[in-house]
Amino acid sequence: MKIIKLFLQLFFLSVALSFSNHCLSQCTTWQKLNNADELMDSYVIYRGYMKKGNIEKAFPYWEEVYNNAPAADGKRGHVYSDGRVFYFEKYKAEKRRSKKKEIANTILRLYEEEKKCYPNNEIDLPPKEVIDFLNK
């Protein structure tokens with residue numbers, strides 16, 4: 001009986017560690033990455049384009065940062081909120097229903113990821129248009 005109890009404890013511990021590791025991977029920052037300088041440069045470039053309203057030029061730089069260090073420096077959720085801006089623009093321009101649904105789900109995923117990485121931050125609500133679309 002003790003062996004079964006020990007086995008179950010080890011099993012649940014490994015599941016918990018695996019889950020927490022997965023959650024933390026969504027909150028990767030560039031601090032300890034080998035390409036941190038490149039990612040910081042991409043962050044500055046995409047944010048500059050965003051401020052000028054040039055979303056098309058900003059997107060590939062944002063995508064590089066998001067794919068490698070979505071939590072950027074670990075202090076602010078700009079990568080997630082900016083990603084929602086990019087994808088909401090794509091959502092509004094898209095005509096195909098199946099593609100719109102895919103984009104809407106990406107927008108919601110970015111909300112969820114930001115909430116996991118920055119639980120104390122106040123995050124705006126998803127656009128009503130996206131919620132209404134997903135509820136159809």
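Which one of the conditions (1) surrounded by fewer than 20 Cβ atoms within 10 Å (Cβ to Cβ); (2) farther than 19 Å from W30 by Cβ; (3) in contact with a helix residue (DSSP H, G or I) (Cβ under 9 Å, 6 or more places away or on another chain) does F86 fail to meet, given that it meets all the rest?
Only one criterion is unmet by F86, namely (1).
Mind checking which residues of segment 33-76 are among the aliphatic types (A, V, I, L, M) and closer than 24 Å to P119 by Cβ?
Of everything in segment 33-76, those that are among the aliphatic types (A, V, I, L, M) and closer than 24 Å to P119 by Cβ turn out to be L33, L39, V65, A69, A71, A72.
May I ask you to verify whether G77 is under 21 Å from P126 (Cβ atoms) and at pLDDT below 95?
Yes; evaluated as a whole, the condition is true for this residue.
Just one of (1) in contact (Cβ under 8 Å) with a residue 12 or more places away in the chain; (2) surrounded by fewer than 21 Cβ atoms within 10 Å (Cβ to Cβ); (3) more than 18 Å from P60 (Cα to Cα); (4) not aromatic (F, W, Y) trips up S81, so point out which.
That leaves (3) as the condition not met.
Give me a count of the residues in segment 24-62 that are farther than 11 Å from D82 by Cα, of a type in the set (A, V, I, L, M) and surrounded by 15 or more Cβ atoms within 10 Å (Cβ to Cβ).
Result for segment 24-62: 4.
The values are calculated or read from the model by the stated rules, or taken from the named source; none is laboratory data. Bear in mind the structure is a predicted one, so any value in this text is a computation, not a measurement. Cβ: placed from backbone, ideal geometry, glycine included. Neighbour counts: every protein chain shown.
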